[in-house]
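K.L.:
Let me begin by handing over the structure; questions about it come next.
The values are calculated or read from the model by the stated rules, or taken from the named source; none is laboratory data. This structure is a prediction, so every number in the text was calculated from the model and none was measured. Neighbour counts are summed over all protein chains in view; Cβ atoms, including those assigned to glycine, are modelled from backbone coordinates with ideal geometry. Just the protein is used for accessible areas: all its heavy atoms, side chains included, with ligands, DNA and RNA removed. Shrake-Rupley method; radii C 1.70, N 1.55, O 1.52, S 1.80 Å.
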Amino acid sequence: MERLLKSSGARRPGTGTGTGTGPGTRTRRGARSLLSAAACVFAVTLTAAACSVPSDQAASTADGASSTGAKGPAEVSDLKIAYFSAGTSNAYLQAAIKAAKKEAGALGVKLDVFDGQFDAQKQFDQIQTALTSGRYNAFAVEPNDGNLVCKLLTKNAADKGILVSVFNLPICGRATELGDKTWEPGTVTYVGGQTLDVYRAWVDQVIKDNPGGAKVALISGPDLNANTICFQEAAKEFAKHKGFKVVARQSTDYTTPKGLAAAQTILRANPDLDVIMSNFSGMSRGVVQAVSGVKRAGKVKIYDFGGDAWALDSVKRGSLEQSVMMLPAQETIEAIRALADHVKGEDVPHFINLTESSALPGTPFATRATIGDFHPEY
């Protein structure tokens, strides 16, 4: 996990002073953190219709990488925010929406929530309609497909004078970038905590915990989702270490039933399996059920990514080896605050790194030995 401690240009969220509610307090926007890492995100896409606009077709600007798109309204109180959620059907997304509404209320700004229903094309249509409606001057976007909506968010929105902050999932082909490179010119900021280096550190932990090697299965979200892309990329490290082999890969919709079914299929085909890695706590519930159902609890190690209340309790009880924390409430609070700070003329970092949050004890990796230092947001 040492790779997460190298310097980057990202800001440490959740420290200092600031407006609004949320875990911890925050620094002035001009601050820069000395840690690195962060976020591949959580947003989900279930359609394959959508890898259309890479970064080189996004906003073309006179000042290049310094551009943050539109200027925005004159006063924070004039903000009219359209909040595009990947969906609304799980506890993570619901916690994020609740936090966004609370922060908007604290700032005294208008905020409307749009449910993307895990459908990339539906969300594209929602954003396009909002662009032409004239009702909004700011967007906070959790993209189901960051490539499909690239031009809408970086060029079309700026042309309409609409500010954009992106959270949980990079846009415009930046899924496996690190640090400030997760940010796309034409937007105010990118907020996240699941970048490729976090996934690599997760894989490194599995390798460290199993010095004799292991047969490993990967259970992820949809194939086009950015954290799935990061997960699969990081897992290539196993092939470089003697005794490790990825024997199965299953994609799901992040739900418990699909996680259960995927794990059952994997366990039937691999009776000598050593490790299952599941990159969302909702799926991990199903994985624990499947492993218990074939009486292999304690024999198959389960590594979780999500850090919800159930996951932390399961680490404490020994059902999970560890869990990587995600902060849906702080993620959306930072995305909303970034819009307000931009309007106030404050310096907003291109990348706000949630793995450096003061809500975490210096690391997003919760283990049995450190579980008391972590507090779930959902």
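K.L.:
Stokes-Einstein at 20 °C, 1.002 mPa s, Kirkwood radius from Cα pairs: D for segment 91-248 in µm² s⁻¹?
P.N.:
Numbers: Rh = 17.4 Å.
Answer, rounded: 123 µm²/s.
K.L.:
Would you mind counting up the charge near LEU273? Only other residues with Cβ under 12 Å from its Cβ, with Lys and Arg at +1 and Asp and Glu at -1. Let's see the in-between values first.
P.N.:
Working: positive: LYS215, LYS245, ARG268, ARG296, LYS299, LYS301; negative: ASP272, ASP274.
Once positives and negatives cancel, what remains is +4.
K.L.:
If amide hydrogens are placed 1.01 Å from N in the peptide plane, which non-local residues have theirs closer than 5 Å to the one on LYS301?
P.N.:
It is VAL275, ILE276, by chain and number.
K.L.:
Counting Lys +1, Arg +1, Asp -1, Glu -1, what net charge surrounds ASN225 among other residues with beta carbon under 11 Å of its beta carbon?
P.N.:
Within the 11 Å Cβ shell, the charges total -3.
K.L.:
Under a straight-distance cross-link criterion of Cα-Cα below 23 Å, which lysines are reachable from LYS208, leaving out those fewer than 8 residues away in the same chain?
P.N.:
Candidates past the 8-residue exclusion: LYS6, LYS236, LYS240, LYS242, LYS245, LYS299, LYS301, LYS316.
K.L.:
So, one more: Sorting check: for 172-179, 240-247, which peptide has the highest mean count of neighbouring beta carbons within 10 Å, and how do the rest follow? Walk me through the intermediate numbers first.
P.N.:
On the way: 172-179: 21.0, 240-247: 13.6.
Ranking, from highest mean packing down: 172-179, 240-247.
K.L.:
Another question, if that's okay. Checking the cross-link filter: which lysines have an alpha carbon closer than 20 Å to that of LYS71, excluding same-chain neighbours under 8 positions apart?
P.N.:
LYS80, LYS110, LYS151, LYS155, LYS160, LYS344
K.L.:
Determine ³J(HN,Hα), in whole Hz, for all residues of segment 190-198 in sequence, where each value follows from phi through the Karplus function 6.51 cos²θ - 1.76 cosθ + 1.60 and θ = phi - 60°; x replaces Gly and Pro.
P.N.:
Along segment 190-198, the couplings run 10, 10, x, x, 10, 6, 4, 5, 5 Hz.
K.L.:
Karplus couplings for segment 123-140 from phi (6.51 cos²θ - 1.76 cosθ + 1.60, θ = phi - 60°), rounded to Hz, Gly and Pro as x?
P.N.:
So the Karplus estimates, Gly and Pro as x, are 5, 4, 5, 4, 5, 4, 5, 5, 4, 8, 6, x, 8, 10, 10, 7, 10, 10 Hz.
K.L.:
Hey, another quick one. Which of the peptides 284-290, 130-136 is most tightly packed, and how do the rest follow, judged by the mean count of other Cβ atoms within 10 Å per residue?
P.N.:
Details: 284-290: 24.1, 130-136: 14.1.
In descending order of packing, they fall as 284-290, 130-136.
K.L.:
If amide hydrogens are placed 1.01 Å from N in the peptide plane, which non-local residues have theirs closer than 5 Å to the one on LEU111?
P.N.:
Under 5 Å from the amide H of LEU111 lie the amide H atoms of ILE81, each far enough along the sequence or on another chain.
K.L.:
Run down the aspartates and glutamates and flag those whose C-alpha is under 19 Å from the C-alpha of LYS181, throwing out any fewer than 8 positions away in its chain.
P.N.:
Those aspartates and glutamates meeting the cut-off are ASP56, ASP63, GLU142, ASP145, ASP197, GLU233, GLU331, GLU334, ASP347, GLU356.
K.L.:
Another question about this same structure. Quantify, in whole percent, the carbon and sulfur part of the accessible surface of segment 302-378 (1.4 Å probe; protein heavy atoms only). Mind showing how you got there, number by number?
P.N.:
Working: 1050 of 2160 Å².
Carbon and sulfur: 49 percent of the exposed surface of segment 302-378.
K.L.:
I want the local charge near GLU237. Using Cβ-Cβ distances under 10 Å, sum +1 for each Lys or Arg and -1 for each Asp or Glu among the other residues. Can you show the working numbers first?
P.N.:
Numbers: positive: ARG200, LYS236, LYS240; negative: ASP204, GLU233.
Net charge in that neighbourhood comes out at +1.
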